[in-house]
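Visitor: Quick one: structure below, then a few questions.
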Amino acid sequence: MKAQSMQSVLQAGRPAPDFSLNSTPDQRVALSDFLGQPVVLFFYPADWSPVCGDQVVLYNELMPVFKGHNATLLGASVDGPWCHLAFSKDRKLVYPLLSDFEPKGEVARAYGVYRQGEGISERALFVIDTEGIVRWSYVSPIGVNPGADGILSALEAMTHQETFR
Amino acid sequence: MRLSVPVDPRRDHIQGPPHAPLTLVEYGDYECPYCAMAYPVVKAVQREMGRELRFVFRHFPLTSVHPHAQAAAEAAEAAGAQGRFWEIHGMLYRHQDMLGSPPLLASRLDLDMARFMNELMNRVHAARVREDFVSGVRSGVNGTPAFFINGIRHDGSWDVETLVSALEGTPEVAALGRYR
């Protein structure tokens with residue numbers, strides 16, 4: 001628990017650290033690939049665990065809403081790319097799952113959401129704007145599916161601001 | 001979390017007195033096994049609470065894990081368009097093994113089947129189901145079944161005793177108690 005409180009979650013207003021991670025065994029995805037459009041980045045503890053199942057599937061259903069905001073959705077956990085591939089196929093996911101696998105949890109650490117003792121990431125959500133700045137972040141209790149209401153509110157607030165800029 | 005879209009008697013499927021003091025809203029998926037388990041639970045809660053409760057059902061199909069859920073929800077709406085929503089709602093949950101063929105279930109309901117099939121094939125009710133889904137997401141629904149009691153998400157377990165005591169513990173019932 002102490003290790004937890006030492007680490008603080010990357011807050012709104014801070015630049016989102018760039019990363020390049022495998023999305024499949026032979027493809028990599030970098031955050032900087034998406035400069036110019038909003039990114040929804042979520043960390044989750046592990047493929048196959050029941051709460052993750054609900055969460056990844058819920059976001060799948062919301063792809064049209066995310067697309068409506070021109071936003072890209074990226075999931076990340078410490079699982080390897082082959083594990084992601086099987087999980088993604090099983091849940092019919094239409095967005096990439098990234099492997100924060102080697103060095104393990106490096107990206108989660110950069111975002112302040114790595115659980116040292118357990119070797120997994122928090123269940124955390126980040127909404128990143130077109131310029132790569134974190135606009136909203138949230139860490140859910142690890143066993144609780146945070147849903148998507150907070151993400152949608154953050155995206156709406158951003159779209160609203162862009163309109164009136 | 002609160003219900004983002006209030007219950008609207010002109011739009012929602014409501015069982016029980018439309019202006020009952022207590023409202024139980026469920027977001028559910030016809031292919032979800034837990035929702036099927038919740039079906040008799042809700043029935044029992046309704047029996048227990050009688051005329052003080054109205055029950056509202058909204059759709060929350062998770063289509064990537066439940067391939068029949070969307071079509072089943074649209075079929076429920078198509079039957080609803082002919083005034084038979086609650087009949088098909090019960091049939092879908094009691095016969096979850098037959099979800100692959102909603103028309104077979106609907107054929108027992110004395111519906112205008114040509115109209116029913118036409119609405120299914122033209123996806124007439126898809127937008128309505130989607131509206132329910134998005135309203136659920138905005139209300140913090142993260143899985144099914146999800147219950148709201150007088151507009152506030154019920155986070156505990158959903159056995160009959162827990163739901164009844166949650167309903168009886170609302171300020172609205174405390175106010176009623178004086179007159180009971």
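Visitor: Taking the stretch A:93-117 on its own, how many of its residues are modelled with pLDDT under 95 and either of a type in the set (Lys, Arg) or farther than 23 Å from A:Arg14 by Cα (or both)?
Guide: The total comes to 1.
Visitor: Of the residues A:Val56, A:Val40, A:Val78, only one is surrounded by 20 or more Cβ atoms within 10 Å (Cβ to Cβ), within 19 Å of A:Ala148 (Cα to Cα) and free of Cβ contacts under 8 Å to residues at least 60 places away in the same chain; which?
Guide: Residue meeting the stated conditions: A:Val56.
Visitor: What do you reckon, is A:Pro141 within 14 Å of chain B (Cβ to nearest Cβ) and either crowded, with 20+ Cβ neighbours inside 10 Å or not aromatic (Phe, Trp, Tyr) (or both)?
Guide: Yes: the conditions hold for A:Pro141.
Visitor: Could you tell me whether B:Leu92 is more than 14 Å from chain A (Cβ to nearest Cβ), under 18 Å from B:Ala36 (Cβ atoms) and touching a His at 6+ places or on another chain (Cβ under 6 Å)?
Guide: For B:Leu92, the condition - more than 14 Å from chain A (Cβ to nearest Cβ), under 18 Å from B:Ala36 (Cβ atoms) and touching a His at 6+ places or on another chain (Cβ under 6 Å) - is not met.
Visitor: Also: Just give me the residues in the stretch A:86-105 being in contact (Cβ under 8 Å) with a residue 60 or more places away in the chain and away from every other protein chain (no Cβ under 14 Å), in sequence order.
Guide: A:Pro96, A:Leu98, A:Ser99, A:Asp100, A:Phe101
Visitor: If the Cβ limit is 7 Å and pairs must be 6+ apart or interchain, which residue in the stretch A:132-148 that is farther than 25 Å from B:Tyr27 by Cβ pairs with which residue that is of a type in the set (S, T, N, Q) and part of a loop (DSSP other than H, G, I, E, B)?
Guide: Pairs found: A:Val134/A:Gln11; A:Ser137/A:Gln11.
Visitor: I'd like the full set of residues that are more than 12 Å from B:Glu26 (Cα to Cα) and either acidic (Asp, Glu) or crowded, with 18+ Cβ neighbours inside 10 Å (or both), limited to the stretch B:140-160.
Guide: Within the stretch B:140-160, B:Gly140, B:Asn142, B:Asp155, B:Asp159 meet the criteria.
Visitor: Examine the stretch A:148-157 for a residue that is within 14 Å of chain B (Cβ to nearest Cβ) and in contact with a Pro (Cβ under 6 Å, 6 or more places away or on another chain), and state whether such a residue exists.
Guide: no
Visitor: Here is a list of conditions, (1) surrounded by 20 or more Cβ atoms within 10 Å (Cβ to Cβ); (2) over 12 Å from the mean Cα position of the chain (by Cα); (3) not in a loop (DSSP other than H, G, I, E, B), and A:Leu98 meets all of them except one; can you say which number that is?
Guide: In the conditions (1) surrounded by 20 or more Cβ atoms within 10 Å (Cβ to Cβ); (2) over 12 Å from the mean Cα position of the chain (by Cα); (3) not in a loop (DSSP other than H, G, I, E, B), A:Leu98 misses (2) alone.
The values are calculated or read from the model by the stated rules, or taken from the named source; none is laboratory data. None of the values given here were measured: they were computed from a predicted structure. All Cβ positions, glycine included, derive from the backbone under ideal geometry; neighbour counts span all protein chains shown.
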